[in-house]
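Visitor: Next up is a structure, given as structure tokens.
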Amino acid sequence: DRAGVIDKFGVTPEQIVDYLALVGDSVDNIPGVPKCGPKTAVKWLAEYHSLDELMARADEIKGKVGEYLRASLEQLPLARDLATIRRELRLAVEPEELTPNRPDTESLRGLYQQIESRRLLESIETAAQPEPHETGGDNHYQLVLDEQAFNGWLERLRAAELFAFDTETT
């Protein structure tokens, strides 16, 4: 959605990787240029059109942010590479083979002990124990399909101490 990208980020879809390289992304570990926020990145890409052109003309950028840009020139190609989504990847397995398996808790326990991670060890123990829950005892389910059955059900419901109500629609 070209218009959506422009509306949300202020740059074209072709510029989004350059934009992300400039602003960075801490979640994806993309460093970016310090003090370069979305507004600055949009301004630079509007003027210079691409990260390559901006890098070639970095000496034209004045002020502190220009200093930050010039100090980041060496890492910007890596930042752009990190922001690029690779779509040509060939997997050695078929997607159907990528079904989750039960974790090998003994191997994990050994690994977590080796790296001395008490929190991960505790997570194995809590995951292995099922959550306690109360069972309802005698359950009685009744299907109500017409008004007469519904009225009879309402009378019994008024006399009940507890009840559960579930509806199904198709």
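Every number here is computed from the coordinates shown, using simple stated rules; none is lab data. Everything numeric in this text was worked out from a predicted model, so none of it was measured. Counting neighbours? That spans all protein chains shown, and the Cβs are built from the backbone with ideal geometry, glycine included.
Visitor: So for T99, T84, fewest C-beta neighbours within 10 Å to most, what's the order?
Guide: Details: T99 6, T84 12.
Final ranking by Cβ density, sparse to dense: T99, T84.
Visitor: Efficiency by 1/(1 + (r/R0)^6): what FRET value for S107 and D28, r their Cβ-Cβ distance, R0 = 35 Å, to the nearest 0.05? Each step should come with its number before you reach the end.
Guide: On the way: r = 29 Å, r/R0 = 0.84.
Step by step, r from the Cβ atoms, then E = 0.75.
Visitor: Beyond 15 Å, what share of the Cα-Cα pairs of segment 31-117 remains, rounded to the nearest whole percent? Provide the component values of the computation, followed by the final result.
Guide: Numbers: 2682 of 3741 pairs.
Percent of Cα pairs beyond 15 Å in segment 31-117: 72.
Visitor: Count neighbours as other Cβ atoms within 10 Å of each site's Cβ, and list the GluC sites (Glu not before Pro) in segment 1-70 that are DSSP loop with at most 11 such neighbours. Intermediate results must be reported in sequence, preceding the final value.
Guide: On the way: sites: E14, E47, E53, E60, E67; in loops: none.
Counting only loop positions with at most 11 other Cβ atoms within 10 Å, none of the GluC sites (Glu not before Pro) in segment 1-70 qualifies.
Visitor: Under 12 Å from the Cβ of L20, count the other residues' Cβ atoms, weight Lys and Arg +1, Asp and Glu -1, and hand me the total. Let's see the in-between values first.
Guide: Values: positive: R80; negative: D18, D25, D28, D81.
Neighbour charge sum, excluding L20 itself: -3.
Visitor: What is the gain in length, in nm to one decimal, between K64 and F150 on full extension, counting 0.36 nm per residue of separation less the C-alpha to C-alpha distance? Intermediate results must be reported in sequence, preceding the final value.
Guide: Working: separation 86, 0.36 × 86 = 30.96 nm, distance 7.51 nm.
Gain in length upon complete extension: 23.5 nm.
Visitor: Same structure again: Could you pull out the chymotrypsin sites (Phe, Trp or Tyr not before Pro) across segment 31-94 that fall in loop regions by DSSP (anything but H, G, I, E, B) with no more than 10 other Cβ atoms inside 10 Å?
Guide: Details: sites: W44, Y48, Y68; in loops: none.
Loop-located and lightly packed - none at all.
Visitor: Between [x] 29.7, 85; [y] 15.7, 52; [z] 15.9, 47, which entry matches Rg and Dmax of the Cα atoms in Å as derived from the coordinates of this structure?
Guide: The calculated read-out lines up with [x].
Visitor: Within straight cross-link reach of K62, meaning Cα distance under 17 Å, which lysines are found once same-chain residues fewer than 8 apart are removed?
Guide: Correct list for K62: K35, K39, K43.
Visitor: While we're on this one: Tell me, in nm to one decimal, what length is gained between E97 and F165 on full extension, where the rule is 0.36 nm per residue of separation less the Cα-Cα distance?
Guide: Values: separation 68, 0.36 × 68 = 24.48 nm, distance 4.04 nm.
Full-extension gain reported as 20.4 nm.
Visitor: Quick check: net charge around T84, other residues with Cβ under 13 Å of its Cβ, Lys/Arg +1 and Asp/Glu -1?
Guide: -3
Visitor: Can you list which of the trypsin sites (Lys or Arg not before Pro) found in segment 1-71 are DSSP loop residues with at most 14 other C-beta atoms within 10 Å? Present the calculation step by step, with values, prior to reporting the outcome.
Guide: Values: sites: R2, K8, K35, K39, K43, R57, K62, K64, R70; in loops: K35, R57, K62.
Listed in order of number, the matching sites are K35, R57, K62.
Visitor: Along the Cα-to-Cβ line of A46, 7 Å from the Cα, sits a label point; which residues in segment 21-38 have backbone N less than 13 Å from it?
Guide: 38
Visitor: Cβ under 14 Å from L111's Cβ, L111 left aside: what net charge do those residues give with Lys, Arg +1 and Asp, Glu -1? Don't skip to the end; give the middle numbers.
Guide: Values: positive: R109, R118, R119; negative: D104, E106, E116.
Counting the neighbours of L111, the net charge comes to 0.
Visitor: Can I ask one more? With point charges of +1 on the Cβ of Lys and Arg and -1 on the Cβ of Asp and Glu, referenced to the Cα centre of segment 2-83, which listed residue (A21, L54, G66) lies farthest in the positive direction of the dipole?
Guide: My answer, from the dipole projection, is G66.
Visitor: While we're on this one: Okay, helix-only estimate at 222 nm for the chain: each DSSP H run of n ≥ 4 adds -39500 (n - 2.57), divide by all residues, round to 500 deg cm²/dmol; what do you get?
Guide: -14500 deg cm²/dmol
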